[in-house]
Amino acid sequence: MSQSKKKLPLSLQESLTSAFAQIPVSSFPDVPNGRVIEIPGDTSVLDAVRILSEHNIRAAPVLNPESGAPADWKGRYLGIIDYSAIILWVLENAEIAAVALSAGSATAAGVGMGALGAVGVAALGAPGPAAVAGLTAAAVGAAVAGGLTAEKGVAKDGLTAADHLGEDFYKVLLQQEPFKSTTVRSIVESYRWSPFVPITLDTSMLTVLLLLSKYRLRNVPVIEPDKPIIKNFITQTGVVKGLQQCKGRDWFDYISALPLSDLGLPFMSLDEVITVNSGDLILEAFKCMKDNKIGGVPVIEGPNRKLVGSVSIRDIRFLLLRPDLFSNFRQLTVMEFMKTIGSTVPDSGNGLVKPPLTCSADSSLGSVIDSIASRITHRIYVVDGDFEVVGVVTLRDVISCFIYEPPGYCDNYLASAMDKLEDKGAGSVDTN
């Protein structure tokens with residue numbers, strides 16, 4: 001996020017930054033019921049999605065199921081499972097399952113017999129649809145052995161084939177091996193979008209705010225000093241709701257009364273806003289989120305980019321938990337997906353999921369905070385008078401309005417994070 005785009009008086013930024021630096025994490029409210037939801041590493045993917053959905057959360061720490069693991073936090077926890085990792089798993093296996101279902105689909109996916117190899121062709125049988133009952137682990141395994149993975153370039157055409165397979169595809173993904181036995185542990189170890197590096201109760205809230213904004217973390221686990229147990233789990237949503245509770249304080253009332261345009265919001269220009277069309281395939285929408293590392297996209301129609309809906313990364317839960325809703329679709333578009341899940345969500349209105357949150361460039365930051373805090377969403381779309389999408393404001397953007405990073409402030413933390421991540425064999429911290 002560009003610091004130069006913020007337009008708060010520097011003196012106010014410095015005062016707020018200094019104040020947050022003095023507030024310890026221990027003062028932040030605990031998660032609901034005072035207990036952090038944790039998921040054992042040997043839990044199946046579907047059961048993990050059920051847990052996230054039932055508790056209305058986007059992510060949870062994953063416990064190491066091995067009894068002989070080290071007693072520190074690095075031994076107790078494998079990482080964090082969230083919908084972004086689940087999306088990666090679904091998309092990769094969607095391509096494999098789609099091609100494994102029929103040799104005809106392999107051709108439609110632009111893969112062809114050569115990519116599958118002789119073993120794959122033999123397992124799949126003659127060209128044409130293969131009966132689901134005949135799909136075995138060997139068939140899927142042959143597709144995998146033949147090099148058919150997301151990285152090998154099936155990409156869009158593979159997802160198109162998957163979307164056309166309808167009920168058969170979902171039966172494969174949810175009921176056939178090796179997919180149905182996939183555990184949370186294997187996903188966490190394969191797909192690391194963000195690091196799992198806890199902070200302690202005596203860490204400053206400024207560090208947390210910077211990690212959740214500038215350093216693009218979605219959540220920050222909190223542990224007690226010298227104990228490996230996660231005491232709290234601070235999210236972007238929790239922080240924005242905390243800011244909302246500051247109404248009545250001079251500094252908050254001053255900032256929240258300012259229109260977005262005075263704060264340099266939206267930070268993204270019109271050309272930078274990533275959208276999907278209502279006629280796009282739903283798996284393509286999820287792939288768009290994966291490719292761009294974003295949690296949601298506005299759904300538009302027509303040349304004027306009129307906003308007609310929104311799809312969030314957590315909506316993948318409907319595909320996994322309620323496949324019966326989509327079994328009749330031979331080609332599931334974004335609009336059909338929104339209408340279908342809208343009929344199952346209370347108070348959705350107009351046959352869609354709750355209409356996306358919108359505001360204008362002249363809306364106050366306070367009204368935006370109230371809107372975002374009232375619903376479990378990470379973004380609000382900035383529209384003009386014709387409901388054309390002209391920008392987006394995310395939770396990260398809101399948090400960044402209140403603080404800035406003093407030179408070198410997070411250097412020690414990030415260096416420690418890098419060391420710990422290397423110890424666990426993970427990727428690097430995302431500082432984009």
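The values are calculated or read from the model by the stated rules, or taken from the named source; none is laboratory data. A quick note: this is a predicted structure, and the numbers were derived from the prediction, not measured. Please note: Cβ atoms are built from the backbone with ideal geometry, for glycine as well, and neighbour counts cover all protein chains shown. Ligands, DNA and RNA are excluded from the accessible area calculation, which covers all protein heavy atoms including side chains. Shrake-Rupley method; radii C 1.70, N 1.55, O 1.52, S 1.80 Å.
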Express in Å², to the nearest 10, the accessible area of residue 276 obtained by rolling a 1.4 Å probe over the protein heavy atoms while all chains stay in place.
10
Around residue 230 (Cβ within 13 Å, Cβ-to-Cβ, excluding residue 230; K/R +1, D/E -1) the net charge comes to +1
Using modelled backbone amide H atoms (1.01 Å from N, in-plane), which distant-in-sequence or interchain residues come within less than 5 Å of residue 300's amide H?
276, 277, 278, 308
Given 37 °C, 0.692 mPa s and a Kirkwood radius over Cα pairs, the Stokes-Einstein diffusion coefficient of segment 1-92 in µm²/s is 196
Approximate spin-label separation residue 306-residue 47, in nm, with each point projected 7 Å along Cα-to-Cβ
4.8
List the relative contact order of segment 21-77 as a percent without decimals, with contacts defined as Cα pairs under 8 Å and 6+ residues apart.
31
Residue by residue through segment 310-318, the couplings from Karplus 6.51 cos²θ - 1.76 cosθ + 1.60 with θ = phi - 60°, in Hz, x for Gly and Pro, are 8, 10, 9, 4, 6, 5, 4, 4, 5
Note the full-extension length gain between residue 227 and residue 387 as 0.36 nm times their separation in residues minus their Cα-Cα distance, in nm to one decimal.
52.5 nm
Looking only at segment 242-258, which residues have a backbone nitrogen under 16 Å from a spot 7 Å from the Cα of residue 18 in the C-beta direction?
251
Give, rounded to the nearest 20 debye, the magnitude of the charge dipole that segment 231-314 has about its Cα centre when Lys and Arg contribute +1 at Cβ and Asp and Glu contribute -1 at Cβ.
460
For residue 384, residues with placed amide H under 5 Å, excluding near neighbours
390
Hey, which of these cross-link pairs are over 30 Å Cα-Cα: 74/290; 180/241; 231/287?
180/241; 231/287
If the chain between residue 245 and residue 375 were fully stretched, how many nm would it gain, using 0.36 nm times the residue separation less the Cα-Cα distance?
45.3 nm
Residues whose modelled amide H sits under 5 Å from the amide H of residue 231, counting only those 5 or more places away in sequence or on another chain, are 222, 223, 224
Across segment 60-68, in residue order, what do the Karplus-derived ³J(HN,Hα) couplings come to in whole Hz, using 6.51 cos²θ - 1.76 cosθ + 1.60 with θ = phi - 60° and x for Gly and Pro?
7, x, 10, 7, 6, x, 6, 5, x
Report the net charge of residues surrounding residue 409, where surrounding means a beta-carbon distance below 14 angstrom and charges are Lys +1, Arg +1, Asp -1, Glu -1.
-2
